[in-house]
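Below is one structure, written out as structure tokens; the observations come after it.
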Amino acid sequence: MKFDQRPDLSLNQHLHLTTELKQGISILRMSAAELSEYVRQCVEENPFLDEDDWVEPRHPAIPERYMQDVSADALFEKRGHGSPESFDRERSDMSQRSFSIDRYLTETDSLDAFLSDQLRIQSDCTRTMVVGKYLIGNLDSNGYLCMSVDQVAAALGISEGEVGRVLSLVQQFEPTGVAARNLAECLELQLRKSGDLTPMLERLIKNYLADFETRTPASIARDMGVTLAELNEALDVIRTCNPRPAAQFGQPSRPIWPEVVVELDADGEYTVSLQDFYLPHMKINPTYRTLASTAKESEAKAYLTEKLKEAESLIDGINFRHATLYKIACCIVQMQIEFFVRGYDCLRPLTMAQVANASDVSESTVSRIVRGNYMQTPRGVFELRFFFHSSAYRAADRVVSSVSVKHRISELIANEDASAPLSDQAVSDLLAREGVSVSRRTVNKYRDELGIPARAARRRC
């Protein structure tokens, strides 16, 4: 938006409007959880903001209210012709309804804190604590030790034997497998603790684990002098282990709050609505508004005026965000309607530029609003970014996206004969018979992205 096209605005008005737009763009970037936390902080810090019950859900009775003009000019005009209470009254008219969305926030200790607590209980002296804390501090996010024993010994100026003794202690901690130096040691620690580590399993893990990337299970079984059935049984035991024992630690889990709800109504039509139960019912405190207009002392008046502007900008920013989110969500549903009706196979290629043109907003605005915001649909909960894919493949009667192709590849492999798994070329041929031309190399790429092992690793007797 070009402010130099508004010659009727003073310099101060230009600056004020620019500040409001910056705050609006900042709010656009926030997810539902981030916006909730931000609003809570603003309510605590700004005396002009009053809020009602945080818990009672509020839901728009008339989605069309979000189709109002949310341009910068409209927000500026709103400053001169009315107050934020008009938006407050709109929100008070929302219908009350319950939601079936479970929202859980799992607060977990960091890996460092969790292991340090166990170290304090198990350590026999201060020296053990020092070495143990050093080892714990050099674990990666998956729980693996990033340094060798000799490197730790050199860094601390102690013997390798002492480091090894403390390392053995830390490797006994939960989660099982933590402080391993490689995948083989991680699996061995877990199987030994569970009592499942047989001589054959230990030999398989130490000597043949990496061979599965390049060799068939049958050739490995021959080298080990076991049958293919025995090897498959051993692999089943290994699959019960966790290759990333500390992956659940780190940052606390973020809640997923789907603001957009897509529902199938009684007429068979898909409707879009927004839910904002995570936000308070905010309003401007009338007492402070009066004080801002009647204050005599210049410093107090300047402070109150500034806080009033901040409160009004916050309410308008949220209104701007809701309106933009609703328009973009409606465009996504309209453009991906076949996905909602028929499923993954009909997810079409879609770019942010297409949605920007359809919703009359900038492409950067679409990019900001779809990141971290979620949509609840009859087919599950999806981040809005899920619906954007540029890769296109022409099927017999439609154009499909890369997501649809990946989904079909996973289905074909899930239903394959385990004794004769499909090669990448075979998957490519099956897709071609269904009218979707995908090269073997692309199948290989998508299979890797899906985390599906190669054909040799999937073969079972």
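The values are calculated or read from the model by the stated rules, or taken from the named source; none is laboratory data. A quick note: this is a predicted structure, and the numbers were derived from the prediction, not measured. Here the Cβ is made from the backbone with ideal geometry for all residues, glycine too, and neighbour counts use every protein chain on show.
At a glance:
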read-out	value
Qualifying residue in region 163-172 (condition: within 22 Å of ARG460 (Cβ to Cβ) and small (Gly, Ala, Ser))	no
Only listed residue being small (Gly, Ala, Ser) and surrounded by fewer than 22 Cβ atoms within 10 Å (Cβ to Cβ), chosen from SER313, SER367	SER367
Residue match in region 382-399 (condition: surrounded by fewer than 14 Cβ atoms within 10 Å (Cβ to Cβ), at pLDDT 85 or above and in contact with a Phe, Trp or Tyr (Cβ under 9 Å, 6 or more places away or on another chain))	no
